[in-house]
1. Of all residues in the stretch 104-115, which are part of a strand (DSSP E or B) and either more than 15 Å from PHE84 (Cβ to Cβ) or of a type in the set (Phe, Trp, Tyr) (or both)?
2. All but one of (1) surrounded by 11 or more Cβ atoms within 10 Å (Cβ to Cβ); (2) under 30 Å from VAL150 (Cβ atoms); (3) free of Cβ contacts under 8 Å to residues at least 60 places away in the same chain hold for SER94, so report the exception by its number.
3. Among the residues of the stretch 27-49, are any in a helix (DSSP H, G or I), among the small types (Gly, Ala, Ser) and surrounded by fewer than 10 Cβ atoms within 10 Å (Cβ to Cβ)?
4. Considering only the stretch 73-94, I want to know if a residue exists there that is hydrophobic (A, V, I, L, M, F, W, C), over 20 Å from GLY120 (Cα atoms), under 22 Å from the mean Cα position of the chain (by Cα) and at pLDDT 90 or above.
5. Would you say GLU156 is modelled with pLDDT under 90 and closer than 15 Å to LEU71 by Cβ?
6. Go through the stretch 111-156 and give me each residue that's charged (D, E, K, R) and more than 18 Å from GLU98 (Cα to Cα).
7. All but one of (1) more than 22 Å from the chain's Cα centre (by Cα); (2) at pLDDT below 90 hold for THR97; state the number of the condition that does not hold.
8. Just to be sure I understand the filter: pairs with C-beta atoms under 8 Å, separated by 6 or more residues or on different chains, first member in the stretch 38-65 and without any contact (Cβ under 8 Å) to a residue 40 or more places away in the chain, second member of a type in the set (A, V, I, L, M) and in a loop (DSSP other than H, G, I, E, B). Which pairs pass?
Amino acid sequence: MKLNELHDNPGATKKQKRVARGPGSGKGKTAGRGIKGQKSRSGVAIGGYEGGQMPLYRRLPKRGFTKPNQLRYAVINLGLIEKFVAAGKLDLTSEITEDMLVDAGLTGHKRDGIRILNKGEIKSAVKLNVSGASAAAVEAIKAAGGSITVKAAAAE
């Protein structure tokens, strides 16, 4: 294969429709925008405008609240930890920290910490040191002969 033989797959690229380029183009004169009116002009921002009527998004009441400083955890399931232990990507001889879980590839990033959830089953006796864990996950780890240390949550 040579450089001059490289090409896209058939149908991978589509030619751009060039509007307002004369009557022969099929999209000349008004360029597919119809005649007159606000939407035929450039710079239109109608959005939620309903012709002067109070827009729907202003008629409905506001609900809920998004906490600006809430903690977001990366979530890891017990079944995934067991899978990585079986594959030899996690070392059972020492305590497994959050950084070790990220380095092994269980999660891309740890955000405000890592939280362990009880999905799947664990058979290995793992020693974990993480930011959070569900009660069911703690029970499952202890039942498998392992131990888990949950760090105190950062001040909210």
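1. Of everything in the stretch 104-115, those that are part of a strand (DSSP E or B) and either more than 15 Å from PHE84 (Cβ to Cβ) or of a type in the set (Phe, Trp, Tyr) (or both) turn out to be ARG111, ARG115.
2. In the conditions (1) surrounded by 11 or more Cβ atoms within 10 Å (Cβ to Cβ); (2) under 30 Å from VAL150 (Cβ atoms); (3) free of Cβ contacts under 8 Å to residues at least 60 places away in the same chain, SER94 misses (1) alone.
3. no
4. Taking every residue of the stretch 73-94 in turn, none turns out to be hydrophobic (A, V, I, L, M, F, W, C), over 20 Å from GLY120 (Cα atoms), under 22 Å from the mean Cα position of the chain (by Cα) and at pLDDT 90 or above.
5. Yes, satisfied.
6. LYS119, GLU121, LYS123, GLU139, LYS142, GLU156
7. (2)
8. What qualifies is GLN38/VAL44; GLN38/ILE46; LYS39/ILE46.
The values are calculated or read from the model by the stated rules, or taken from the named source; none is laboratory data. On a predicted model such as this, the values are computed, not experimentally measured, just so you know. Heads up, the Cβs are rebuilt from the backbone with ideal geometry, glycines too, and the neighbour counts pull from every protein chain shown.
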